[in-house]
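Contents: one structure, followed by commentary.
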Amino acid sequence: MTAPPGRLLAVDYGRKFIGLATSDALGMIATPLRVIQRRSRQEDFARIAAAVHETGAVEIICGVPLPPPGYTGLSQADTVRRWAGRLAAAVPVPVRLWDETLSSEEAADLLAEGVRRRRTRIDDAAAAVMLQSYLDALREGFAVPPAVLPAEE
């Protein structure tokens with residue numbers, strides 16, 4: 001399986017910030033794009049839709065932190081899945097979910113090692129880490145992308 005033709009936009013959902021990253025048109029390299037400070041769902045979705053238009057993205061990959069084995073109750077993954085379903089109804093491209101477990105920690109490690117020096121949030125770097133794992137898994141044949149999310153009403 002290979003990445004779809006065209007750019008992908010990654011979304012790292014957070015309670016206060018949303019990190020965005022994009023891929024190159026060949027689906028090889030993920031790059032941090034920006035961080036959106038959360039306001040309202042409508043405004044957040046409009047800003048993500050604008051990023052889709054700006055980058056020419058053909059699909060959104062939304063990171064979901066999978067709960068640890070044996071976890072019961074409402075998890076962050078449940079919250080993100082519900083939010084991503086609503087996002088799917090608000091943007092002009094398909095939305096897919098991808099495991100983003102530990103992407104923020106990996107991004108923080110990369111930034112601490114000096115790979116990228118910025119005095120801003122790491123959310124967009126986390127989105128890039130998650131998107132790069134998605135692109136690598138597709139290219140190496142280790143992952144088949146999950147079905148596109150249905151839009152929530």
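The values are calculated or read from the model by the stated rules, or taken from the named source; none is laboratory data. The structure presented is a predicted model; accordingly, all values stated were derived computationally and were not measured. Methodologically, a virtual Cβ is constructed for each residue, glycine included, from the backbone with ideal geometry; neighbour enumeration extends over all protein chains shown.
One table, with the values for the structure above:
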quantity	calculated
The stretch 1-55: number of residues that are of a type in the set (A, V, I, L, M) and part of a loop (DSSP other than H, G, I, E, B)	6
Where ILE29 falls short, out of the listed (1) of a type in the set (A, V, I, L, M); (2) modelled with pLDDT of 95 or more; (3) more than 16 Å from GLU100 (Cα to Cα)	(2)
Residue satisfying all of: in the stretch 16-43; among the hydroxyl-bearing types (Ser, Thr, Tyr) and in contact (Cβ under 8 Å) with a residue 24 or more places away in the chain; surrounded by the fewest Cβ atoms within 10 Å (Cβ to Cβ) among these	THR31
Number of the condition not met by VAL58 [criteria: (1) within 16 Å of MET130 (Cβ to Cβ); (2) in a strand (DSSP E or B)]	(1)
Whichever residue in the stretch 91-139 is more than 13 Å from the chain's Cα centre (by Cα) and at pLDDT 80 or above and, among such residues, is surrounded by the fewest Cβ atoms within 10 Å (Cβ to Cβ)	PRO92
Single unsatisfied condition, ALA143 versus (1) buried (at least 19 other Cβ atoms within 10 Å of the Cβ); (2) at pLDDT below 80	(1)
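For (1) polar (S, T, N, Q); (2) modelled with pLDDT under 95; (3) over 14 Å from LEU131 (Cα atoms), each residue gets a yes or a no:
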{"residue": "THR2", "(1), (2), (3)": "yes, yes, no"}
{"residue": "THR22", "(1), (2), (3)": "yes, no, no"}
{"residue": "ARG38", "(1), (2), (3)": "no, no, yes"}
{"residue": "ASP44", "(1), (2), (3)": "no, no, yes"}
{"residue": "SER75", "(1), (2), (3)": "yes, yes, yes"}
{"residue": "ARG82", "(1), (2), (3)": "no, yes, yes"}
{"residue": "ALA88", "(1), (2), (3)": "no, no, yes"}
